[in-house]
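Peer 1: Here it is, the structure, as structure tokens.
The values are calculated or read from the model by the stated rules, or taken from the named source; none is laboratory data. Just so you know, these numbers come straight off a predicted model, no measurement behind them. Please note that ligands, DNA and RNA were not included when accessible areas were found on the heavy atoms of the full protein model with its side chains. Shrake-Rupley method; radii C 1.70, N 1.55, O 1.52, S 1.80 Å.
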Amino acid sequence: MTHVKSPGNVKKVTQLESAVAEMLAEVLRRGFFGTAAVELSIQDGTIQHIRRRMERIEK
């Protein structure tokens, strides 16, 4: 079994796809000014944590 197909990574990749979709839905609308980022913590080829950040600029 490769790390890409491990049960832990499969679950985390699903979570990652969901997080990115949610962030895109929020930031890709008129009136959003700021940054969005996704950060992955990886250990030995396995995704450990997914962090997402959004910062809005008040205009």
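Peer 1: Along each principal axis of its Cα atoms, how long is the chain end to end? Whole angstroms, biggest number first, please.
Peer 2: 49, 17, 10
Peer 1: Enumerate the calculated ³J(HN,Hα) couplings along segment 46-54 in order (Karplus 6.51 cos²θ - 1.76 cosθ + 1.60, θ = phi - 60°), each rounded to whole Hz, writing x wherever the residue is Gly or Pro.
Peer 2: 10, 5, 9, 9, 10, 10, 10, 9, 9
Peer 1: Continuing with the same structure: Rounded to the nearest 10 degrees, what's the angle between the helix 7-27 long axis and the longest principal axis of the chain, both from Cα atoms, 0 to 90?
Peer 2: Long axis of 7-27 versus the principal axis of the chain: about 10 degrees.
Peer 1: Pop out the carbon and sulfur fraction of the accessible area of the chain as a percent, whole number, probe 1.4 Å.
Peer 2: On the way: 2600 of 4850 Å².
Summing carbon and sulfur atoms, their accessible area is 54 percent of the total for the chain.
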